[in-house]
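Have a look at the structure below before the remarks.
Please treat every number below as a calculation from the coordinates, not as lab data. This structure is a prediction, so every number in the text was calculated from the model and none was measured. Note that each Cβ is placed from the backbone with ideal geometry, even for glycine, and that neighbours are counted across all protein chains shown.
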Amino acid sequence: MKIMTQIIGWVGTLAVTLVVTPWPATAAGAALAPDPLRPLTPRLQDGDLIFIREANPIFRHVAETTRSWETHVGILFSGPNGTWQVAESRFPRSQFTPLEKFIARSEHGRFTITRHAVELSPGEKQRLRQSARARMGRFYNLGFNYDARGLYCSKLVFDVYREAAGVQVGSLTTFRQLLAANPRAPVGFWRAWFFGRIPWERRCITTTSEMTSPEFRIVYDSTSEKISP
């Protein structure tokens, strides 16, 4: 009963934070004023990956597990009139989100952009867009099960790049490997999240493995405001 109460509370928090509660105009919003983005957007390319830290206590446990700051990732695509949008898997369904709104959800407005080390061809970029569009509207997988039909943010990125460009972003791991790699991982959270039984052999893909993928390089980090060529 205690575990059930915890999980209901966490799911409720997730739903309220991601669906009902409007995103506050805090320091994160201040970091998103047009000026900081104006010099950046002309340098963006279709297929760039953008990482943020969502202001949600559940995803903080994910960050604790992977010992990283980021909790969410999406794929950047150009839109009409110089705008940019992010293909993302979020609760309850995957969608395209305007870049400004995507970054506004990040704590303190922090974000990092990475790019494939070898420039993608126009055909590869177009296939990335098509592959991402084909996955929009798919339900979020709260069990972070790579082999299930549902999506979560890092799975969307992994599948789109593998299908469209034959590129592996990050690496698949099991929950056993993930938790064993971090002696301070919040095992209690995961045990409660999975109703008392962690699916040790379930495969998953993390945002951290994607942000540190050797196939990609950092082109912008908001903490340094340095734009790499």
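Would you mind pulling out the separation of the Cα centroids of segment 62-107 and segment 195-229, in Å? Taking the Cα centre of each part, segment 62-107 and segment 195-229 sit 13 Å apart.
Note on segment 36-117: Cα-only Rg and Dmax are 12.8, 40 Å. Using only the Cα atoms of segment 169-210, each taken as one equal point scatterer with no solvent, compute I(q) by the Debye sum, divide by I(0), and report log10 of the ratio at q = 0.17, 0.18, 0.31 Å⁻¹. Normalising to I(0) and taking log10 leaves -0.46, -0.51, -1.15.
Could you list CYS153, CYS204 so that the one with the fewest beta carbons within 10 Å of its beta carbon is first and the one with the most is last? Before the final figure, lay out each step's value.
Numbers: CYS153 27, CYS204 21.
Fewest to most other Cβ atoms nearby, the residues stand as CYS204, CYS153.
The Cα atoms of segment 103-152 give a gyration tensor whose axes a ≥ b ≥ c have a/c of 1.5 or more with a/b no greater than b/c, which makes the shape oblate.
Using the Karplus relation 6.51 cos²θ - 1.76 cosθ + 1.60 with θ = phi - 60°, the per-residue 3J(HN,Hα) values for segment 168-184 come to 9, 9, x, 9, 6, 8, 9, 5, 4, 5, 4, 6, 5, 6, 10, x, 9 Hz, with x marking Gly and Pro. The per residue volume of the convex hull around the alpha-carbon atoms of segment 130-204 is 90 Å³.
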